[in-house]
Amino acid sequence: MSIAQVLLVDDEAVAREGLATALRRDGLEVTTADNGEAALALLRQHEYEVLLTDVKMPGMDGLELLRRAREAWPGMEVLVVTGFATTESAVEAMRAGAFYYVSKPFRLGEVRKLVREAADKAQLRAENQRLRQLVEHAADERIVTRDEGMRAILDIARGVAPTDCNVLIVGETGTGKELLARHVHAHSRRAGGPFVAINCGALNEELLANELFGHEKGAYTGAQQARGGLVEAAQCGTLFLDEVTEMSAAMQVKLLRLLQEREYLRVGGTEPVRADVRFLAATNREPRAAVEAGQFRQDIYFRLNVVTLQLPPLRDRREDIPLLAQQFVRRAAQAMGKPVTAIAPPAMQKLCAYDYPGNVRELENIIERGVALATATMLGLEDLPPGLGSQGNSPGRSGNEVPTLEAVERGHILDVLASVGGNRALAARLLGIDRVSLWRKLRRYEEQGLIEADQTDGALRMRDVPA
């Protein structure tokens, strides 16, 4: 936090300057005034976290200053100091919103402690307000759409946001599931609290349990002290469980207890820890199919599936492509310090004709690449990836066949792997996922007999297995 600003008001110069000197030694910025009118003039010119005022002063007394300051600057904390303490004046001060009422003679250490506590409270309130505004602004700014279906989804999201019920977001990779989750959080009663996200498919069972629930001291080798997990970090806020259907069976049991009982055990712990958390979850798989296949518990599905938000793929909301593309141009140009401001019509036509198996994330990557390569103020065809959409739009599509969600994703993964010579680390970066998630997907494809590995030349190459 920044250095706290304190306004100290007292008509006695010796007392005023002595206390100001002590507070400055504590690292506080202290401004002084010798009467209430002078204090109000300073308050109109500067922002202060704490107002510390004496009560008995000529002209405007400290209680009147308290009332006027709290009315005009409600985010500021006020401490009242008096040598003529009465029960009535103390009650009046507290009713008017005083942080604390201190009687003279006071202990200097006590006042210094109270001022620091008041400053911390004011700064924390201001920071929470700032973060809430940033979250709301970011969510509203980034989710741009003209599509009626997408607008309907956003309306439902705003409607359920204040209810605190669990929400399951379903959609292909890259459709913006975490962004929609942040949108729900930003419009909820918990918007001032933390938003914590974890990819459940990126960690094995032991690491995921440790990340979510934390551990006690000595729970395992190297656990030299207790540590809270992400559930604890999300307290009074929102916990977003991405790729929730990728959890192991044992982790699903632990998640069920968390959802049902709103409590959990740290790794190595025996005492339940309460969780005041709102749960949002997401998957790029069809959750019902995962339940029917025995890969996802039905009871967890029903608990998360209070409300389901099904995000459409970008190819089903083509009128949003120009909006999103222009937004990504502005963002990339600003980040890279490039003067690119628009997209040439032929390039935009090409972008709108492509099917985007990687959805919004793929469009963003294409635009970032174009801005990085651009030598003019407008993106042209020469700035787009070569061969964009030259194979009948989406990779893996043939004739009039309508691919399933997983088939589209699989085709895209195979194409990216082929383009980088089987380098999984590089492919994961291009796909916008981590290496563990990519490894899990490839392993699942192999187990299902959908792909096979060809390592004859030492590189991993994946290809579809003939039907």
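The values are calculated or read from the model by the stated rules, or taken from the named source; none is laboratory data. Predicted, not measured: the structure shown is a model, and the values here were computed from it. A quick note on method: Cβ atoms are made from the backbone with ideal geometry, for glycine too, and the neighbour counts reach across all protein chains shown. Ligands, DNA and RNA are stripped out before the accessible areas are found, and what is left, the full protein with its side chains, is counted by its heavy atoms. Shrake-Rupley method; radii C 1.70, N 1.55, O 1.52, S 1.80 Å.
Can you find, within the stretch 3-38, the residue that is nearest to the chain's Cα centre (by Cα) among those that are in contact (Cβ under 8 Å) with a residue 40 or more places away in the chain and part of a loop (DSSP other than H, G, I, E, B)? Here the answer is A4.
Taking the stretch 166-181 as the range and being part of a helix (DSSP H, G or I) and surrounded by 22 or more Cβ atoms within 10 Å (Cβ to Cβ) as the test, the residues that pass are K177, L180, A181. Residues considered: H137, H187. Of these, the only one that is under 15 Å from the mean Cα position of the chain (by Cα), modelled with pLDDT of 90 or more, open to solvent by 10 Å² or more (accessible area, probe 1.4 Å) and of a type outside the set (D, E, K, R) is H187. Looking only at the stretch 295-316, filter to residues that are more than 24 Å from L384 (Cβ to Cβ) and open to solvent by less than 50 Å² (accessible area, probe 1.4 Å); which one of those is modelled with the lowest pLDDT? By that ranking, first place goes to N305.
Restricting to the stretch 336-355, what's the tally of residues that are within 19 Å of E382 (Cα to Cα), surrounded by 15 or more Cβ atoms within 10 Å (Cβ to Cβ) and touching a Gly at 6+ places or on another chain (Cβ under 9 Å)? Residues that pass the stated criteria total 7. Could you check, for the stretch 240-248, whether at least one of its residues is in contact with a Lys or Arg (Cβ under 9 Å, 6 or more places away or on another chain), open to solvent by 40 Å² or more (accessible area, probe 1.4 Å) and within 28 Å of T221 (Cβ to Cβ)? For the stretch 240-248, residues in contact with a Lys or Arg (Cβ under 9 Å, 6 or more places away or on another chain), open to solvent by 40 Å² or more (accessible area, probe 1.4 Å) and within 28 Å of T221 (Cβ to Cβ): absent. Of all residues in the stretch 7-39, those satisfying the criterion of being hydrophobic (A, V, I, L, M, F, W, C) and out of contact with any Ser or Thr (no Cβ under 6 Å at 6 or more places or on another chain) are A13, V14, A15, L19, A22, L23, L28, V30, A33, A38, A39. Open to solvent by 20 Å² or more (accessible area, probe 1.4 Å), within 19 Å of R16 (Cβ to Cβ) and over 34 Å from the mean Cα position of the chain (by Cα), is that true of D54? Taking the combined requirement at face value, the residue does not satisfy it. Selection within the stretch 424-435: residues that are modelled with pLDDT of 70 or more and within 17 Å of N365 (Cβ to Cβ). The member of this set that is surrounded by the most Cβ atoms within 10 Å (Cβ to Cβ) is A427. Residues in the stretch 317-335 that are part of a helix (DSSP H, G or I) and of a type in the set (D, E, K, R) were compared, and the one that is surrounded by the most Cβ atoms within 10 Å (Cβ to Cβ) is D320. Each residue in the stretch 262-292 was checked for being within 21 Å of T245 (Cα to Cα) and part of a loop (DSSP other than H, G, I, E, B), and 5 of them qualify. Put simply, of Q224, Q252, Q295 the only residue that is part of a helix (DSSP H, G or I) and of a type in the set (S, T, N, Q) is Q252.
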